[in-house]
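The block underneath contains the structure these notes are about, expressed in structure tokens.
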Amino acid sequence: MQQLTFGEAVRQALVEEMRRDPAVFLAGEGVGVSIHDNPKAPTYGLLQMFSPERVKDTPVSEAAIAGLAVGAAVMGLRPVVEIMFSPFLTIASDQIVNHAAKLRYLSGGKSRFPLVVRVKAGSGAGAGCQHIHNLEAWMAHCPGLKVVFPSTPGDAKGLLKTAIRDDNPVIFFEDMVLGLVPGPVPGEEVEHLVPIGKADVKRLGRDVTIVAWGRPVLEALKAAEQLAAENGVEAEVLDLRTLAPLDRDALLRSVRKTGRLVVVHDANKTGGFGAEIAATVAEEAFPSLKAPIRRVAALDIPVPFSPPLAQYGIPDAARIITAVKELVNLH
Amino acid sequence: MITSTKKIDLLESMLLVRRFEEKLTEMSRAGERIAGMVILCTGQEAVAAGVCRALEPEDVIISNHRSHGHLLAKGAPPGPVMAEILGRRTGCNKGKSGTLHIAVPEVNALCTTTVVGGGIPIAVGTAFAAQYQRRPVVTTCFFGDGAADEGSFHEALNLAALWHLPVIFVCENNAWAGAQRHEEHTLVQDIATRALGYGMTGHVVDGNDAVAVYEATREARRRCLEGKGPVLLEMKTYRWRGHSEFDRQLYQPKEEIAAWMERCPIKLLQEALLAEGVLTYAVVAEMEDRARRTVEEAVAFAMNSPWPEPEEALENVFCD
Ligand SMILES: Cc1ncc(C[n+]2csc(CCOP(=O)(O)OP(=O)(O)O)c2C)c(N)n1
């Protein structure tokens with residue numbers, strides 16, 4: 001199978017969907033001509049491949065970009081718009097939260113808003129807290145939005161293709177840290193569609209369930225390998241891939257099997273999506289739990305700039321291992 | 001109107017900014033010495049110096065991602081600014097900010113934001129406070145031509161004009177916003193004309209002429225303090241380097257850069273002062289030397305400063 005980086009996989013999804021459906025168009029700051037003149041960037045070369053009519057470089061205008069998507073979608077187009085960095089979702093959020101998410105409901109189900117908002121997130125690239133702030137829980141809090149956050153290039157491609165074909169607004173988070181890690185991605189010869197709302201067991205295990213999305217999935221896998229090798233603890237790693245709708249069945253099935261749960265995310269702990277997962281498990285699978293639920297999350301601080309400070313807040317394999325060991329009484 | 005002493009001050013300030021940023025270019029090329037982005041104002045020093053040296057110490061500035069010039073010209077200490085850029089504990093913001101959002105309240109550089117357009121409404125707030133407190137303080141807000149496309153720009157200008165707030169909106173039009181040239185993101189040739197739509201005064205200024213920038217700012221400041229309301233100044237200048245230091249500028253015509261480098265703001269003022277007999281070559285050399293030494297000292301201060309301890313990440317989220 002072809003090995004693609006995350007960005008290349010996203011681009012392949014965009015190309016395939018744009019070829020398949022003329023209603024799909026792209027818009028955003030630098031989606032055509034970019035300061036990142038890099039073949040690994042998701043929208044590299046698309047302006048040349050398609051036309052300025054379908055690949056729209058916009059002014060620095062997040063509210064307008066999101067509104068453009070809402071309006072174009074209700075007319076039957078399939079906008080895939082880009083908001084550069086997750087914190088700038090706040091500028092676009094009137095259109096996303098009050099309009100994209102609610103207008104179908106307000107129409108009594110008569111209107112459709114098939115739009116995708118692509119946005120960079122993750123644990124950052126050293127730019128500080130105005131460029132990195134993981135707001136997926138904010139988005140998942142809004143009924144009417146689907147929230148997708150893949151961890152592998154293959155999932156990114158399949159989920160984005162599905163998102164573009166979905167008739168609902170989808171917020172699609174792209175983890176910046178995963179950008180250059182290649183992985184297997186099915187090519188154009190197969191119809192690679194990963195369903196929205198289905199979690200994926202990235203590693204089977206019997207002793208503890210580690211739930212994550214985005215970059216922390218890789219840390220969870222690292223932790224699981226180390227726990228197996230050094231402690232004989234077999235961790236099951238569940239990659240949610242989609243936060244809304246949440247794959248409750250997969251989550252509960254896994255926890256009922258292992259009896260232990262660690263949730264990992266790059267977003268701040270308080271009010272993060274890990275709380276939702278913990279609450280779901282506590283409500284539905286309490287009798288199966290052999291130990292308390294643990295959350296391994298970013299600290300409740302804005303992301304600091306200085307490398308030693310920035311490193312301090314990031315959930316890594318070591319912190320996951322510590323949490324697991326507490327649950328299986330290895331300390 | 002402008003004294004020779006002031007002109008020399010403008011030159012000195014521009015020289016410091018230029019040397020400071022050239023050093024950053026050198027360091028970022030040298031590899032891993034700077035984490036994150038390095039975004040410079042090389043070629044735009046006349047705006048930073050001309051505006052900030054026209055302000056009084058109590059006057060407030062609100063800056064954006066291209067802030068080093070604004071901060072240094074406003075009097076921020078080069079050592080702590082450099083230390084912040086390098087993420088050290090002795091940095092202006094203890095390493096929390098890095099290069100992009102440095103605040104130096106000691107010199108009334110109250111906010112630098114890297115959210116494009118984000119600072120413009122904040123300037124409405126600081127200007128309102130000064131008006132409310134009946135203090136003779138003007139707020140100056142720096143932003144690019146790209147930022148003038150954000151809703152925040154329009155909402156802020158309307159409110160500032162409506163309430164006659166003492167704020168100078170400085171649009172630093174360096175011809176580019178990311179990889180988009182001015183004509184590719186707005187149809188108005190002069191951002192300054194937008195002032196009209198809000199019942200405000202707007203002027204286009206030669207942003208490479210430090211003296212013109214200084215005089216326009218002094219005049220705007222006077223108007224503001226007389227209660228005549230805000231002013232929008234559009235400084236026409238040019239971004240010599242890429243959006244940031246990792247940008248290879250493939251979209252930016254080489255001839256265009258060369259033409260603007262001919263109009264280097266430092267060279268223009270220096271030549272004028274030499275021609276006027278205000279400066280001699282010897283004095284210029286001394287000034288160059290002083291700027292270089294200041295920067296070397298700033299780098300040494302930063303490099304000899306400790307990194308923050310990881311746990312310091314937890315501090316400063318709230319007031320104690
Ligand atoms: C709200 C927001 N959107 C996008 C960005 C990414 N970005 C940083 S600078 C920039 C271009 C700004 O252009 P301009 O305002 O003209 O300032 P210049 O960089 O030219 O000085 C963009 C799009 C951002 N920082 N903030």
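Miscellaneous remarks
- Scanning the range B:182-202 for residues that are within 14 Å of another protein chain (Cβ to nearest Cβ), free of Cβ contacts under 8 Å to residues at least 40 places away in the same chain, of a type outside the set (Val, Ile, Thr) and more than 9 Å from the ligand (Cβ to nearest atom) yields a total of 3.
- Residue count for the range A:73-86, restricted to those that are open to solvent by 20 Å² or more (accessible area, probe 1.4 Å) and either without any contact (Cβ under 8 Å) to a residue 12 or more places away in the chain or within 14 Å of chain B (Cβ to nearest Cβ) (or both): 4
- Residues of the range B:122-134 that turn out to be within 16 Å of the ligand (Cβ to nearest atom) and either open to solvent by less than 10 Å² (accessible area, probe 1.4 Å) or within 11 Å of chain A (Cβ to nearest Cβ) (or both), as a count: 1
- When we screen B:GLN252, B:GLN270 for residues that are more than 30 Å from B:ARG194 (Cα to Cα), surrounded by 14 or more Cβ atoms within 10 Å (Cβ to Cβ) and among the polar types (S, T, N, Q), the only hit is B:GLN270.
- Top-ranked residue of the range A:37-50 - restricted to ones that are within 16 Å of the ligand (Cβ to nearest atom) and buried (at least 18 other Cβ atoms within 10 Å of the Cβ), ranked as farthest from the other protein chains (Cβ to nearest Cβ): A:PRO42
- Residue ID - nearest to the other protein chains (Cβ to nearest Cβ), chosen from residues in the range A:286-331 that are among the small types (Gly, Ala, Ser) and crowded, with 19+ Cβ neighbours inside 10 Å: A:SER306
Rundown of residues vs (1) in a loop (DSSP other than H, G, I, E, B); (2) more than 8 Å from the ligand (Cβ to nearest atom), yes/no style:
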residue: B:PRO136; (1), (2): yes, yes
residue: B:THR140; (1), (2): no, yes
residue: B:ALA147; (1), (2): no, no
residue: B:GLU155; (1), (2): no, yes
residue: B:HIS164; (1), (2): yes, yes
residue: B:GLU172; (1), (2): no, no
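- Pair list, Cβ under 9 Å, 6 or more apart: the range B:137-155 residue within 21 Å of B:VAL60 (Cβ to Cβ), other residue near the ligand (Cβ under 7 Å from one of its atoms) and among the aromatic types (Phe, Trp, Tyr): B:GLY144/B:TRP176; B:GLU150/B:PHE143; B:PHE153/B:PHE143
- Some residue of the range B:23-45 being hydrophobic (A, V, I, L, M, F, W, C), away from the ligand (no atom under 16 Å from the Cβ), within 13 Å of another protein chain (Cβ to nearest Cβ) and out of contact with any Asp or Glu (no Cβ under 8 Å at 6 or more places or on another chain): yes
- Any chance B:GLY69 is touching a helix residue (DSSP H, G or I) at 6+ places or on another chain (Cβ under 9 Å), more than 18 Å from B:THR25 (Cβ to Cβ) and away from chain A (no Cβ under 14 Å): no
- Boolean, A:VAL70 is open to solvent by 30 Å² or more (accessible area, probe 1.4 Å), β-branched (Val, Ile, Thr) and in a helix (DSSP H, G or I): no
- For the range B:46-77, the set of residues classified as open to solvent by 20 Å² or more (accessible area, probe 1.4 Å) and away from the ligand (no atom under 16 Å from the Cβ) consists of B:ARG53, B:GLU56, B:PRO57, B:GLU58, B:LYS74, B:GLY75, B:PRO77, listed by residue number.
The values are calculated or read from the model by the stated rules, or taken from the named source; none is laboratory data. Computed from a predicted structure; not experimentally measured. Cβ atoms come from the backbone with ideal geometry, glycine included; neighbour counts cover every protein chain shown. With ligands, DNA and RNA removed, areas are computed over all heavy atoms of the protein, side chains included. Shrake-Rupley method; radii C 1.70, N 1.55, O 1.52, S 1.80 Å.
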